[in-house]
Amino acid sequence: MQKGAFTISIKNVELGYSKEKPLLPKFSVEANSGELIALIGRNGIGKSTLLRSIMGLQMPMLGSIYVDGVPVSKLGRKQKAKAVSFVPAESVRVANLHVCDFVAVGRFPYLGWSRTLSATDWEKVNYALALVNISHLTHRDISTISDGELQRAMVAFALAQDTRIIILDEPTAFLDLPNKFEMVSLLSDLAQNNGKTIIYSTHDLQGAIHEADTIWMMLNEGFLSGAPEDLALNGKFKQLLADSQVLFDLESGLFRNRRRSLKTIAFEGEGTAAIWTTKMLERVGFKVGSNAEGMKVTCKQQYSSTEWILTKNGVLLFKTHTLYELAQKLREVNL
Amino acid sequence: MSQPKPTTKPMVQRNLALFSGLIVLLAVLFCLDLLFGSVTIPWVDVLKSIFGKADNDVWNTIVRDFRLPKSITAVLAGAALSVSGLQMQTMFRNPLAGPYVLGISAGASLGVAILVLGMASVGTYSLTGLGTSFSLAGAAILGSMLVLLVVLAVSIRVKDIMTILILGMMFGSAASALVSVLQYFSNESMLKAFVIWTMGSLSSVAGMQLNVFAIIVLVGLTLSFISMRLLNVLLLGDSYARGVGLNLTLTRILIFTSTSLLAGGVTAFCGPIGFIGIAVPHIARMIFRTANHTVLLPGVLLLGSIMLLFADIISQLPGLEITLPINSVSALLGIPIVIFVVLKNQRFSGV
């Protein structure tokens, strides 16, 4: 492909602070418009450094980064601000700052010498607020809105800046589960419907796997890029989690703790209750299998209630209607 | 279809009402300040001496050569201190920053201390002379400019604003330490002269000095209005400022220069006047309920003048024979406000 076909093109870049010890080996990668990219990697691997380099705030040790075919280092301050917008991780909690006044600062690169916003500028501000569904908060004090609303306002800021590329530093870090989900799907919509290239760094692998078009993975061994599904099939998530206690379950696409199963226990049961019972058994240190030392859990579903029965060599040990009580009993027995 | 500009009519009307109210209040306090003093002069004669000539020559002199310059000084100094306080609070995103946070007053004190204490101990400087307050002002300006140059040099090289703040405070402390050394080696009368300077005074600025003072303050205020909209960007922090392409170094130089002219000018001619600069921006935020500097800056300017005029009226209440030092009055007025602000938002989150 020819130069300029990509919104961002990273060529033979080496990141780090000393030539002898780069953060990770040289890499090249490209990003298209309309693409939502999740940047993942362990703490300290250089995610922020990469983001800062794309914004042109920091020069990579080697190689160069092109935005629309032009090296970032050749862009002027204002040109950069019109090409790439940045949503920092730190939240803006300034008392008395109205949401619209905050978002209006995003128009700064387009303002003339007087730095006053024209009617067109205000229209862009209103449009940005509408795109992230917080028009009703226009005149609210930004220090009084919720974390989810604030993160939306921060995205509106980037939209008001009207750039083709939006970079977000951990936009979901302080959000609760529904807000995390909504934030990532908002970013996905913006990428698809508005043709933006959106790169966000995150530690929320689960969200990234389900919503991102592309995952950029930074590992000590090197840089990986691909559709989340490709990375999963090629066993790349295992590599990311190599020296940790976390396992990636290829079938469910879920992450779980690596546990040492000490004892084997027999289990009999069906349906959803069986799945959750197995989860609990693993949590308290049992592995389900036939080679049990006489221990067996049976799960019976009668109408609306579920009953669990624990037996040893056929002798009834315990009966309960909650997994909580069963777990307690099993821990006791295990001791 | 909603209006393009999202400022609602009630907000605009409220701001207009507030500004009109503040202008009226400023005018009233200015008149009261002219009226009050250790000599009782009827208000008709006060007006006469300003616009024509009163029957009593002494009254003429008192009003024209003392009270009028003092009131004008209060208006200028109050505005200058408060505007530079607002600039520093926004720049450092710290509600307790003030005009002197960069060590400007400490630098000015050092200049004055070298002049009064240092020169006097060598025997070449006498406190009784026509050029006394002018040379005091000159020394103070040199001292604060020295600190400013160091801070500017640092801010060009250092990117992190908190590092600049800490270095500014350290330079200030170093200057204060040098002042203490000078105090230790000076004689009693010189020491007293220096201490009186530190108490601040609005009444030593008149004639030619008032012109120089007014020019310094007006240049400082002009720079602050030029950088008004840049403050709106700085308020969000350096990451946002860089993200929208703000030239941080240039902006900092512009604002530091403005603040040094304002705070340094006031310190040079009136001595260090504390707490007005910290307290007034908070009052402005409370009554205007906005963080937008295009509203805050003119608001802070008016409120600052009002506060210092008020402090000056209190310092020489009718019936009181003596005049209290303006620095103490401004501190006693400002400190409760700062305490209120600190207790109100205990999280210390932003300004």
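The values are calculated or read from the model by the stated rules, or taken from the named source; none is laboratory data. Computed from a predicted structure; not experimentally measured. FYI the Cβ positions are ideal-geometry reconstructions off the backbone, even for glycines, and counts take in every protein chain you see. The protein model used for the area step is the full one, side chains on, heavy atoms only, and it has no ligands, DNA or RNA in it. Shrake-Rupley method; radii C 1.70, N 1.55, O 1.52, S 1.80 Å.
Using amide H atoms built in the peptide plane, which far-off residues or other-chain residues are under 5 Å from A:PHE267 H to H?
Those qualifying (amide H under 5 Å, at least 5 residues apart or on another chain) are A:GLY289, A:VAL297.
Quick check: the distance between the Cα centres of region A:150-210 and region B:10-58, to the nearest angstrom?
57
Whose amide H sits under 5 Å from the amide H of A:LEU39, counting only residues 5 or more places off or on another chain, with H placed in the peptide plane?
Under 5 Å from the amide H of A:LEU39 lie the amide H atoms of A:TYR200, A:SER201, A:THR202, A:TRP216, each far enough along the sequence or on another chain.
Quick check: the angle from helix A:119-131's long axis to the longest principal axis of chain A, C-alpha only, nearest 10 degrees?
Helix A:119-131 sits at roughly 10 degrees to that axis.
Compare the Cα positions of B:PHE92, B:LEU301, B:ILE161 along the charge dipole of the protein assembly as shown (+1 at Cβ of Lys, Arg; -1 at Cβ of Asp, Glu; about the Cα centre) and return the one farthest towards the positive end.
B:ILE161
Looking only at chain A, where both bridge partners belong to it, what percent of the DSSP beta bridges are antiparallel (to the nearest 5)?
DSSP beta bridges in chain A are roughly 60 percent antiparallel.
Could you calculate the FRET efficiency of B:ASN56 with B:ALA27 from 1/(1 + (r/R0)^6), where r is the beta carbon distance between them and R0 is 22 Å, rounded to 0.05?
It comes to 0.30.
Ignoring ligands, DNA and RNA, what percent of the 1.4 Å accessible area of chain B is carbon and sulfur?
Taking all protein chains in place, chain B shows 73 percent carbon and sulfur surface.
Probe radius 1.4 Å, ligands and nucleic acids left out: can you give me the accessible area buried at the B-A interface, summed over both chains, in Å² to the nearest hundred?
2800
What nm distance separates the two modelled labels at A:ALA273 and A:GLU123, each placed 7 Å from Cα along Cα→Cβ?
Distance between label points: 6.3 nm.
List, in order, the whole-Hz ³J(HN,Hα) value for each residue of region A:262-267 obtained from phi through the Karplus relation with A = 6.51, B = -1.76, C = 1.60 and θ = phi - 60°; use x for Gly and Pro.
8, 10, 9, 9, 7, 9
For region B:93-106, what does the Karplus curve 6.51 cos²θ - 1.76 cosθ + 1.60, with θ = phi - 60°, yield as ³J(HN,Hα) per residue in whole Hz, taken in order and with x for Gly and Pro?
After applying 6.51 cos²θ - 1.76 cosθ + 1.60, I find 6, 9, x, 9, 6, x, x, 9, 5, 8, x, 5, 6, 5 Hz.
Quick one: helix A:323-334 against the long Cα principal axis of chain A, what's the angle to the nearest 10°, folded into 0 to 90?
60
Which of the peptides B:79-91, A:165-177, A:294-306 is most tightly packed, and how do the rest follow, going by the mean number of other Cβ atoms within 10 Å of each residue? Display every interim value, and only then the final one.
Details: B:79-91: 30.5, A:165-177: 19.8, A:294-306: 13.6.
Order by mean packing, descending: B:79-91, A:165-177, A:294-306.
Determine the percent antiparallel among the DSSP beta bridges restricted to the protein assembly as shown, to the nearest 5.
On the way: 34 of 58 bridges.
So the antiparallel bridges amount to about 60 percent of the total.
How large is ³J(HN,Hα), in whole Hz, for each residue of region B:25-38 in order, when computed from phi with the Karplus curve 6.51 cos²θ - 1.76 cosθ + 1.60 and θ = phi - 60°, using x for Gly and Pro?
Going residue by residue, I get 4, 4, 4, 5, 5, 4, 5, 4, 4, 6, 6, 8, x, 5 Hz, with x marking Gly and Pro.
Using 0.36 nm per residue of separation minus the Cα-Cα distance, give me the extension gain between B:ILE339 and B:VAL44 in nm, one decimal.
On the way: separation 295, 0.36 × 295 = 106.20 nm, distance 4.10 nm.
That works out to 102.1 nm of additional length.
If contacts are Cα pairs under 8 angstrom and at least 6 residues apart, what is the relative contact order of chain A in percent?
With pairs under 8 Å counted, the relative contact order is 16 percent.
Using the Cα centre as the reference, give the magnitude of the dipole from point charges on the C-beta atoms of region B:14-106 (Lys, Arg: +1; Asp, Glu: -1; all else neutral), rounded to the nearest 20 debye.
That gives a dipole near 320 debye.
So for chain B, averaging the separation of alpha carbon pairs under 8 Å that are six or more residues apart and normalising by length, what relative contact order in percent results?
Working: 507 pairs, mean separation 102.5, N = 351.
Relative contact order here is 29 percent.
Which whole number gives the average count of other chain Cβ atoms within 10 Å of the Cβ atoms across peptide A:97-107? Each step should come with its number before you reach the end.
Numbers: counts 8, 7, 1, 4, 10, 6, 1, 4, 11, 4, 1.
Counting Cβ atoms of other protein chains within 10 Å of each residue's Cβ and averaging gives 5.
With +1 on the Cβ of every Lys and Arg and -1 on the Cβ of every Asp and Glu, and nothing else charged, how large is the dipole of the protein assembly as shown about its Cα centre, in debye rounded to the nearest 20?
Approximately 680 debye in magnitude.
Place the peptides A:211-218, B:271-278 in order of packing, highest mean first, counting for every residue the other Cβ atoms within 10 Å and averaging per peptide. Please report the intermediate quantities before stating the final value.
Details: A:211-218: 22.4, B:271-278: 26.8.
Put in order of decreasing packing, that is B:271-278, A:211-218.
Defining a contact as two alpha carbons under 8 Å apart and six or more residues distant in sequence, what relative contact order in percent does region A:113-206 show? Don't jump to the answer; show the numbers that get you there.
Details: 75 pairs, mean separation 26.0, N = 94.
Relative contact order for region A:113-206 comes out at 28 percent.
Leaving ligands and nucleic acids out of the surface, order A:GLU282, A:GLU307 by accessible area at 1.4 Å, largest first.
A:GLU282, A:GLU307
Taking amide H positions as placed in the peptide plane 1.01 Å from N, state which residues far from A:LEU62 in sequence (5 or more) or on other chains have amide H under 5 Å from it.
The answer is A:GLU14.
Which value results for Rg/Rh of chain B when Rg is the Cα radius of gyration and Rh the Kirkwood radius based on the inverse mean 1/r?
0.99
Roughly what angle does helix A:177-194 make with the longest principal axis of chain A, taking Cα atoms, 0 to 90 degrees, to the nearest 10?
That works out to roughly 40 degrees.
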